[in-house]
Structure formats: C-alpha cells, structure tokens
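This report concerns only the one structure given below.
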Amino acid sequence: MNSKIIFRIFLILAIFFLSSCFSKKISVVINSSNNNFCEGTVFTFINNTKKFGIEFLIRDILTVELSKNGYILKDPSIVKSFFTPEERIHYFENPEIALSPELTKRLGSILGLKWIIGGKILKAEKIGDYVRIELLIWVKETKNGRLIWYSYYKRDSDSYRTILHFGRTSDLYSLVDKMVKKDIIKDLKKVLICEKKS
Amino acid sequence: MIKKWLKILFFSIFFILIFKITYAQIVIFPFKDLSKGDHSINFEIPEEIAQKLSEEGFKVIPPKEVIPLLIKFRKVDFYNINFALLREIYKNFNAQYVLLGSIGKLQKEPPAISIVVKLVDVSTGKITWGKSVSFSAEDFISFLSLKEIDYFSMIEKVYKTLLTNFKEPFKSISKITPTVDIQEVVFNSRYLQPGKTVECIIKMVFSGPKPSFIGVEVKDNHRKRLIPLNKYTNERSYIAFWKAPEREGRYPVVLVVAWDSEWKLTKRIFIGRYYVDNTPPNLNLVIKGAKKKNGKVLVKDVLEIIPKVVGSNTSKNFIGRGNGIAKWQIEIYSKNKNTLILRESYPGELPAVLTWYAKGGMNTLPPGDYLIKFKVWDLAGNSNEVKKEVLLVTDPPTPQVIVYDGKEKDLMEIEINKNFIPLVRVYLEIFNKNGKKIAEIKKEGEPFDRIKKEIFFDKGKIKNLNSLYYNAIIEDELKNKKILRRAFVIVKKAEEGPIRPTFKTWVDEF
C-alpha cells in the first residue's frame with residue numbers, strides 16, 4: 001500500500017519536474033538541400049525591447065557557440081564593412097528589409113559565406129526574480145538570398161530549472177546564454193549541415 | 001649516452017625558443033561594455049585577461065598599447081573591425097590575432113557577470129576561438145544557501161572559465177595582402193538625365209603598399225569603362241567624373257584598386273549605383289470630395305488636393321526611398337482677372353494632402369473661375385505639370401420666380417435653370433400685398449435645376465399680380481445657403497410661359 005502511494009507521489013513529482021523542461025517553440029524549415037553550410041556570419045538582432053545590449057550579446061554568444069561547433073564564422077563587422085555606404089544607412093534605418101537577396105548574394109560571393117543568421121528580440125523583461133525572453137531567429141542562404149529557416153523561442157526563468165529551485169534563472173543574460181547553448185545551437189545544427197565540419 | 005641526452009635537450013630548448021619567437025601575438029582590444037550604454041568601453045577586464053595570458057606564456061599586446069593605433073585609424077568603435085585595420089594590426093604589432101570582447105553585465109551586488117570573447121584571425125577575419133560566460137548569484141548557490149559568492153570571487157571564476165583550455169592556434173603568416181577600407185562614397189546625384197556628368201567622391205584608407213591604379217569601373221550603353229580616381233581635398237578623398245549613358249536604367253559603380261609588381265593583386269569592390277532617368281513623373285491630382293460639372297471642380301471654400309505619382313512608367317520604377325520627387329510647386333491663377341494669386345514651391349517629397357482655403361482670414365477670394373497648376377520634378381530633374389480648373393462658388397444662385405398671367409386663372413413657375421449650381425433645397429412662400437400667404441413650395445433631396453409647379457390664383461381675390469412678393473430659403477449643392485426676403489415675383493403673360501394648362505386643369509375649371 002505504502003509503495004503504491006510512494007510510486008504515485010514520485011510519478012506526480014516526475015511529471016512536475018519534467019514539465020518545467022518543456023518550452024514553447026515554433027520552427028519552420030523552408031528549404032535546406034545544401035550540405036555545405038560551413039561558413040557564415042551572425043548579424044546583430046533587431047531589438048524591439050528596452051533592454052539595450054542584449055541584441056549584441058545574443059549575436060556574440062551565437063557566433064562563439066557556432067564557432068565551437070566547427071562552423072567557420074566571419075566577424076559580422078567585417079561582413080558589414082562590405083556594405084556600400086548607402087546600404088549601411090539603409091541597414092541602420094531599417095534592418096528588417098535592408099538585407100535584400102541581392103545584398104545577401106553579393107556578401108556570399110565576396111566573402112565566401114554560405115549563410116547569414118539574424119533575428120528579432122520580441123520581448124525581454126525582468127520582473128523581480130522572474131525573467132522572460134521571446135525571439136525570432138532566421139537563416140538566409142547566400143546562393144539565392146532566400147530565407148531557409150526561422151524559428152520562434154520563448155523562454156523564462158523556469159525553462160532550465162532542474163530540481164526544486166536549482167537552476168532557476170533570475171538573470172536575463174544567463175537565460176540568453178542557456179537558451180543559445182542548449183536549444184538554438186542544437187536546432188541550427190540540424191539546418192546548417194556542414195559535411196566538412198571538423 | 002649523456003651526449004645523446006644533451007643533444008635531445010639542446011634541440012628541445014632550440015625548438016621551444018623558435019616556437020616562442022614565431023608564436024602568434026594576440027592584440028587585445030578594449031571591451032565593449034553594453035551594461036553602461038552604447039559607447040562605453042572597459043579596459044579593466046581586457047587588461048586583466050592580457051595579464052593572465054602573459055603569465056601563461058602567450059605573447060599579448062594589452063589594450064592600452066593598441067589605443068594610439070585605433071585613434072590614428074580614427075576608429076571610435078573598438079568592436080567594429082575591417083580588413084584594413086586588421087592589416088595595420090599585423091603590420092604594427094606583428095600580431096596574428098585580435099581578441100575582441102563584449103560585456104553584457106557587470107553587476108557587483110548581487111554579483112552577475114556576462115562576458116563574450118572572440119579571437120579573430122587578422123589575415124582572414126574569421127573567428128578562430130571564442131567563449132561566453134554568464135554567471136549570476138544563483139549559479140553558485142550551495143545546498144541550503146549556506147554560502148553566497150561575492151563579486152571578486154565571481155570575476156576570478158569568470159577569468160578561469162574564459163581562459164581554461166585557451167589554445168592560441170599556432171600560425172605563421174608569411175605575407176598579408178594589401179587592402180582598402182571604403183569610408184564614404186558620395187555621388188553628386190544618384191538620379192541623372194542622360195548625358196549629364198556623374199561625379200563620385202570616395203573616401204578610403206589603404207593598408208599596405210601604394211596601389212598602382214585606383215579607379216572606378218562604370219558600365220556604358222555597350223561596354224565597361226575604367227575611370228581613374230584623382231586625389232581630391234585630402235589624402236583620403238578621391239574623385240572621378242564621367243558622362244551618364246544615353247539609355248535609361250540603373251548602372252553599378254565598382255571601385256578597382258590594383259597593386260602591381262610584387263603583389264599582382266586587383267580588388268574590385270561594389271560601391272553603389274546610379275540611375276539614368278529621362279521619363280517625367282506621371283502626376284495625378286485627386287480633388288477630394290469635390291463636385292465636378294462641365295470639366296470644372298466646384299469649390300465652396302475648402303479644396304483638398306491629393307497629388308500622386310502614379311502608373312508604371314520608368315520614373316516610378318526608379319524610385320529609391322520616398323517617391324523619387326525632388327521638388328514640387330503649386331500655382332493658382334484667377335481666370336477672371338488673369339492674374340497669379342499664389343505660388344508656393346517646396347523641395348522634397350509630395351505632400352499627402354494640400355488644403356486650399358478660398359475663404360477665411362487673408363485668403364478670401366471672390367467667386368469665379370480659377371486655374372490650379374501643379375508641377376513636380378523628379379530626382380533626375382524631369383518635370384511634369386497638371387492643370388485643374390476650379391469654379392469657386394460662395395453664394396447660391398438667386399432663383400427667378402415667375403407668374404404667368406392667364407385670362408381667368410394664373411399659373412406660376414419658378415425658374416432656376418439659368419444658374420450653374422443645382423439646388424438641393426428650396427422653401428418658398430408667396431405673399432400678396434397685404435402680407436397674406438397665398439402659396440407655398442417645398443422641395444429638397446436630389447440636386448435639381450428647375451421647379452415647375454402649377455399654382456392657381458383666384459383672380460377674384462388677387463387683383464394685382466405685380467404686388468406679389470416672396471420669402472425663400474435656398475441651399476445649393478455645395479451647401480451654400482441663402483435667405484431671400486420680400487423679393488418681387490416676376491409677372492409674364494401666360495402665352496409667353498412654358499407652362500400650358502393641362503387637360504386636367506381645363507376639365508377642373510370647366
């Protein structure tokens with residue numbers, strides 16, 4: 001009898017802890033037939049929130065993590081130095097539409113890039129100890145300048161909690177760090193297939 | 001045996017020394033501190049990292065030693081690099097790598113630190129190594145929260161995590177190619193008419209030997225041409241001129257820099273495009289909510305004009321940002337007096353709506369015919385003009401109330417058809433000379449030009465038709481209202497009138 005109660009409690013606890021591991025995500029792969037997606041760059045995300053700096057941090061963490069995973073990344077500032085002055089202004093004014101297929105193709109051919117990653121931070125907030133982030137991330141291939149993948153991520157303080165309160169994140173930057181390292185990189189690796197990758 | 005070991009020891013020391021000499025140097029840039037705003041930089045953490053790497057035996061150039069070069073290179077943002085800067089780093093410090101870093105958070109209480117560092121190869125601009133660390137207090141909470149971490153312990157852990165397994169890739173760069181960094185490109189105009197002179201000024205910085213040729217490659221109607229760039233106002237600025245092609249279209253401009261002899265290198269960099277446009281903008285003037293009659297726009301007191309560039313002609317296709325309009329002008333002429341009464345000219349895009357107040361304040365205009373001329377110039381200088389005739393009506397037409405005098409009975413007709421603007425409401429009362437109301441007419445609704453109404457006056461009671469008068473309230477289609485008081489009725493012989501008594505009238509009379 002006791003063992004049954006213990007088993008039930010254990011089952012409820014297991015469901016409770018496991019539920020904290022799941023997060024909302026919508027991911028769409030449009031077309032990814034190329035298996036030589038080794039070289040690319042990560043552009044600064046568009047930040048629609050008041051949390052300044054998080055857009056650069058996401059870009060840098062993504063760059064570093066992709067580099068660790070064997071991808072060859074060009075520094076985004078070097079890539080942007082190949083924008084014409086007019087394109088630089090246009091990109092500064094309206095980054096969402098400035099990266100045209102024509103410009104993407106040109107960057108690809110000059111610098112040997114196969115893909116460009118970018119995105120938009122939709123929400124980033126900290127209320128007391130509770131933090132939350134929502135973002136969109138996309139990948140464009142440079143062969144045709146087309147969008148090949150995009151995904152939506154929503155994470156909060158409890159997204160990476162382990163047992164009880166351990167692992168609960170109360171810092172936005174730590175949450176971003178975990179989200180990139182644990183989820184985004186994993187998803188990107190499925191899209192950016194690099195056979196030459198060491 | 002000892003000799004053999006001594007030989008091994010000697011060669012080991014020799015190789016270690018050689019390795020140390022050729023070991024890649026790392027230049028550490030000041031870190032971008034995002035926790036303090038857009039343009040904040042941090043020296044403390046990169047200096048500490050430089051110190052720790054030096055202690056580990058790496059050849060490191062600390063941030064303070066790099067600053068003079070960055071200032072010389074007019075680089076205010078230490079986080080944005082380009083090939084010209086990387087080449088200068090290599091040339092000045094014999095360094096193969098640049099360590100860049102950004103700080104997301106640097107908080108002392110409660111401690112929280114976020115740092116990302118990356119190592120960039122100066123010859124390729126590729127990221128060869130990187131690490132990100134993001135620590136907050138809860139990452140170090142021990143069981144039951146018995147011990148809390150402080151900022152100084154945390155930053156030490158950050159350094160340790162960042163630099164653990166830091167392996168500078170061994171690399172020997174034999175030569176690094178000369179490069180150019182374009183800082184600014186200015187065209188006299190991006191939009192030109194055929195045959196006009198294109199002027200292009202390029203501000204650029206070279207790193208490496210002096211190029212043997214600097215020019216721009218432009219495409220003509222049939223072929224590509226190389227136009228040499230000449231020194232302009234200072235050592236960084238260059239200028240080139242050429243004639244725009246005859247055919248309309250968009251033309252790319254490519255910077256060509258060549259290094260001969262030792263390098264045999266040519267760099268071609270796309271710097272922009274210009275547009276040849278010979279088509280005037282297709283302008284359309286929309287008059288908002290106005291009535292039209294016989295090709296004229298009827299206006300009471302306010303006219304709202306919406307100018308638009310429409311259609312799919314070439315000018316429209318060339319539009320860049322905005323609507324491609326460089327200047328616009330509006331002129332209003334009085335046709336009655338044959339004079340110009342208004343001329344306004346503005347640079348830039350077309351206005352969404354132009355409102356012309358004919359009445360009110362200083363702008364009160366007499367009613368009459370007016371001509372509006374609207375002219376636009378596109379960015380290439382092509383122009384187009386549209387004219388609109390406007391009839392300003394500030395007063396409703398006065399109707400003629402006519403009574404046709406018959407032998408036994410009188411008929412009345414109200415004529416308003418001589419006026420231009422139709423009426424929408426008429427309320428009319430006819431009085432005899434004693435002030436007694438003898439007839440009443442009401443009509444409203446759809447615009448009308450004429451009211452024909454048979455009214456029979458009793459001859460026995462009304463002796464003199466010439467003494468009839470009327471009061472009326474009338475309103476025209478433009479909502480102009482008029483009140484008429486004691487206006488005389490016109491009397492005409494029944495034979496002159498358009499109204500003949502109907503069969504029913506005669507039957508009733510009989």
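Quick note: the coordinates plus some simple rules give every number you see, no bench work behind them. Worth saying up front: this structure is predicted, and the values here are computed from it rather than measured. Counting neighbours? That spans all protein chains shown, and the Cβs are built from the backbone with ideal geometry, glycine included.
Where Lys and Arg each count +1 and Asp and Glu each count -1, what net charge lies around B:Lys296 among other residues with Cβ under 10 Å from its Cβ? Could you put the intermediate results ahead of the total?
Working: positive: B:Lys291, B:Lys292, B:Lys293, B:Lys388; negative: B:Asp369, B:Glu389.
For residues surrounding B:Lys296, the net value is +2.
Just flag the GluC sites (Glu not before Pro) in region B:215-284 sitting in loop per DSSP whose Cβ has no more than 12 other Cβ atoms within 10 Å. Each step should come with its number before you reach the end.
Numbers: sites: B:Glu217, B:Glu235, B:Glu246, B:Glu248, B:Glu262; in loops: B:Glu235, B:Glu246, B:Glu248, B:Glu262.
Here the GluC sites (Glu not before Pro) that fit, given the DSSP loop and packing criteria, are B:Glu235, B:Glu246, B:Glu262.
What translational diffusion coefficient, to the nearest whole µm²/s, does region B:179-276 have by Stokes-Einstein, given a Kirkwood radius computed over alpha-carbon pairs, a temperature of 37 °C and 0.692 mPa s viscosity?
Diffusion coefficient, whole number: 237 µm²/s.
Could you tell me the center-to-center distance, by alpha carbons, between region B:422-444 and region B:370-400 in angstrom?
38 Å
Using 23 Å as the Cα-Cα cut-off, could you pick out the over-long pairs in B:Lys126/B:Lys157; B:Lys443/B:Lys493; B:Lys292/B:Lys327; A:Lys143/B:Lys126? Don't skip to the end; give the middle numbers.
Details: B:Lys126/B:Lys157 28 Å; B:Lys443/B:Lys493 26 Å; B:Lys292/B:Lys327 29 Å; A:Lys143/B:Lys126 20 Å.
The pairs that break the limit, which is 23 Å between Cα atoms, are B:Lys126/B:Lys157; B:Lys443/B:Lys493; B:Lys292/B:Lys327.
Spelling out what I want: for every residue of region B:31-41, take phi, set θ = phi - 60°, compute 6.51 cos²θ - 1.76 cosθ + 1.60 (Karplus), and round to whole Hz; glycine and proline get x.
8, 7, 9, 6, 6, 10, x, 5, 10, 7, 10
Once the piece of chain linking B:Glu262 and B:Phe73 is laid out straight, how much longer is it, given 0.36 nm per residue of separation minus the C-alpha distance between them? It would help to have the intermediate numbers written out before the result.
Details: separation 189, 0.36 × 189 = 68.04 nm, distance 2.56 nm.
Result: 65.5 nm gained on full extension.
Positive end of the charge dipole of region B:23-163 (Lys, Arg +1 and Asp, Glu -1 on Cβ, about the Cα centre): tell me which of B:Ser35, B:Ile113, B:Leu86 has its Cα farthest that way.
So the residue we want is B:Leu86.
How large is ³J(HN,Hα) for each residue in region B:440-454, as worked out from phi by the Karplus curve 6.51 cos²θ - 1.76 cosθ + 1.60 (θ = phi - 60°), to whole Hz, x for Gly and Pro?
Whole-Hz 3J(HN,Hα) from phi for region B:440-454: 9, 10, 10, 8, 7, x, 4, x, 9, 9, 8, 10, 10, 9, 8.
So what is the orientation-averaged projected area of region A:23-191, using the convex hull of its C-alpha atoms, in nm²? Before the final figure, lay out the partial values.
Numbers: hull surface 39.0 nm².
Quarter of the Cα hull surface area: 9.8 nm².
Between region B:205-226 and region A:96-146, what is the C-alpha centre distance in whole Å?
Taking the Cα centre of region A:96-146 as reference, the centre of region B:205-226 is 33 Å away.
Shielding of A:84-95 by partners, i.e. mean partner chain Cβ atoms within 10 Å per residue? Each step should come with its number before you reach the end.
Working: counts 9, 9, 8, 2, 2, 1, 2, 0, 0, 1, 1, 0.
Other-chain Cβ atoms within 10 Å of each residue's Cβ, averaged: 3.
Under 20 Å from the Cα of A:Lys154, which aspartates and glutamates turn up, not counting those fewer than eight places away in the same chain?
Within the straight-line cut-off, A:Lys154 pairs with A:Glu55, A:Asp60, A:Glu65, A:Glu125, A:Asp129, A:Glu134, A:Asp171, A:Asp177, A:Asp183, A:Asp187.
Could you pull out every one of the aspartates and glutamates with an alpha carbon less than 15 Å from that of B:Lys492, ignoring same-chain neighbours closer than 8 positions?
Partners found: B:Asp405, B:Glu408, B:Asp410, B:Glu413, B:Glu415, B:Glu454.
Show which aspartates and glutamates lie in cross-link reach of B:Lys243 when reach means a straight Cα distance below 15 angstrom and same-chain residues fewer than eight apart are skipped.
Of all the aspartates and glutamates, those that pass the test against B:Lys243 - Cα under 15 Å, at least 8 places apart if same chain - are B:Glu199, B:Glu217, B:Asp220, B:Asp277.
Show the residues, 5+ positions off or on another chain, whose built amide H is closer than 5 Å to the amide H of A:Arg146.
Result for A:Arg146 returns A:Glu141.
Mind checking B:202-211 for the average number of partner chain beta-carbons within 10 Å of each residue's beta-carbon?
Numbers: counts 1, 1, 0, 0, 0, 0, 0, 0, 0, 0.
Shielding by partners across B:202-211 averages 0.
Summing Lys, Arg as +1 and Asp, Glu as -1, what charge do residues with Cβ under 11 Å from the Cβ of A:Glu87 carry, A:Glu87 excluded? Each step should come with its number before you reach the end.
Details: positive: A:Lys80, A:Arg88, A:Arg106, B:Arg273; negative: A:Glu86, A:Glu93, A:Glu102.
Combined, the nearby Lys, Arg, Asp and Glu give +1.
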